[in-house]
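Peer 1: One structure coming up, written as structure tokens, with questions to follow.
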Amino acid sequence: MEQMLASETDETPYSRLTPDTVIAAVEQAGFRSDQRVLALNSYENRVYQVGIEEGTPVVVKFYRPGRWTRDAILEEHAFALELAAAEIPVIAPLLIGGESLLTHAGYPFAVYPRRGGRWPDLDTHDDRMWMGRFLGRMHKIGGSKRFEHRPILDTEALAVRSAETVLGGEWLPEYQVDRYRALAEELITRIEAAFAAAAPLRRIRIHGDCHRGNILWTDSGPHFVDLDDCMSGPAVQDLWMLLAGNREEMRAQLRDVLEGYEQFAEFDRVELGIIEPLRALRMMHYAAWLARRWHDPAFPRAFPWFGTPRYWDEHVGQLQEQLEALEQPPLRV
């Protein structure tokens, strides 16, 4: 049985994580803080920039208690360190006394070097090729070993359990319950059929949550700040969230990304058939994620619209549109 990291109740996961606790954790790791603490944008975990006397600030990430096993976090760190060692631009945790995962006041945490960057536009052919090369290099290494403790991308976890979460709570307006249930059942059937048609899918170590908000861009190109959602899954999961616009625009963007990607790694075109199923999985999972985290006080503050009848009307409408999208032929490049 893997050891679960847990120190707080689900209702108050960070109730004891005060600025003093953050500073004490950083100083336990061997840094002398100048007492400046800046909370960074993160909801699942808690992430802070901490000033260091006569040095560059560091970033410290406190993992949500009980979310991952210790082995799963260490596997994330090992993947990041492996990529960094291959000069692939991923910000890996610092090793403190040979360890990447530390604990303070019951909270598991890791310390990272601070790295800046800007939102990636990906508006040009060259930028999209650059992003493709980055992911191709990453996936080349990702396919060389297997995860043992990280999650696997599948319909059961992201759709079936998500629907159970939504239907099992008092989230949906009464008039939307039957419609949501019917849509969820039909989507799950279509998603499973699409995955079966693409079988056998090759599942490799991937970023898992590769949307533009998780990418920072500098004059040296793109980089990831961490791999908190890394998992085993098909390569296309790290590609489709980079696409935006109508089908023709996405086709042109995908062509550019793959042109760069295939300079370093092979891409199986059969995976193009699961882009819209993957989008449906993400939509269902996102609503369930918010529901599962609603007890955390940070979530009602950050997402005040969640749970309102208007939100659910829009969500159910979007699921209906996505069901129609699943009937369209896959993107081809």
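Peer 1: Find the strands (runs of 3 or more DSSP E) located wholly in the range 212-313 whose residues include 3 or more that are more than 21 Å from the chain's Cα centre (by Cα) and free of Cβ contacts under 8 Å to residues at least 12 places away in the same chain, and list them.
Peer 2: none
Peer 1: Taking Tyr48 as meeting all but one of (1) at pLDDT 95 or above; (2) touching a Leu at 6+ places or on another chain (Cβ under 7 Å); (3) assigned to a loop (DSSP other than H, G, I, E, B), write down the number of the exception.
Peer 2: Looking at each condition in turn, Tyr48 falls short on (3).
Peer 1: Starting from the range 160-178, take each residue that is in the same structural domain as Tyr311 (by TED's automatic domain parsing) and list its partners that are exposed (fewer than 13 other Cβ atoms within 10 Å of the Cβ) and in a helix (DSSP H, G or I), counting only C-beta distances under 7 angstrom and pairs at least six apart or across chains.
Peer 2: Pro173/Pro309
Peer 1: Same structure, new question: Which of the residues that make up the range 184-193 are crowded, with 19+ Cβ neighbours inside 10 Å and either touching a Cys at 6+ places or on another chain (Cβ under 6 Å) or not β-branched (Val, Ile, Thr) (or both)?
Peer 2: Correct list: Ala184, Leu187.
Peer 1: Out of (1) in contact with a Gly (Cβ under 7 Å, 6 or more places away or on another chain); (2) surrounded by fewer than 17 Cβ atoms within 10 Å (Cβ to Cβ), what's the single condition that is false for Gln237?
Peer 2: Gln237 satisfies all of (1) in contact with a Gly (Cβ under 7 Å, 6 or more places away or on another chain); (2) surrounded by fewer than 17 Cβ atoms within 10 Å (Cβ to Cβ) except (2).
Peer 1: Would you say Glu53 is within 27 Å of Ser144 (Cβ to Cβ) and of a type in the set (D, E, K, R)?
Peer 2: Here the answer is no, as Glu53 does not meet what is asked.
Peer 1: Against the condition within 30 Å of Val58 (Cβ to Cβ) and not hydrophobic (A, V, I, L, M, F, W, C), how does Asp256 come out, does it pass?
Peer 2: So Asp256 fails the test.
Peer 1: Residue by residue through the range 57-67, note down the ones that are at pLDDT below 95 and either in a strand (DSSP E or B) or not charged (D, E, K, R) (or both).
Peer 2: Residues satisfying the conditions are Pro65, Gly66.
The values are calculated or read from the model by the stated rules, or taken from the named source; none is laboratory data. Predicted, not measured: the structure shown is a model, and the values here were computed from it. We place every Cβ from the backbone using ideal geometry, glycine too, and count neighbours over all the protein chains shown.
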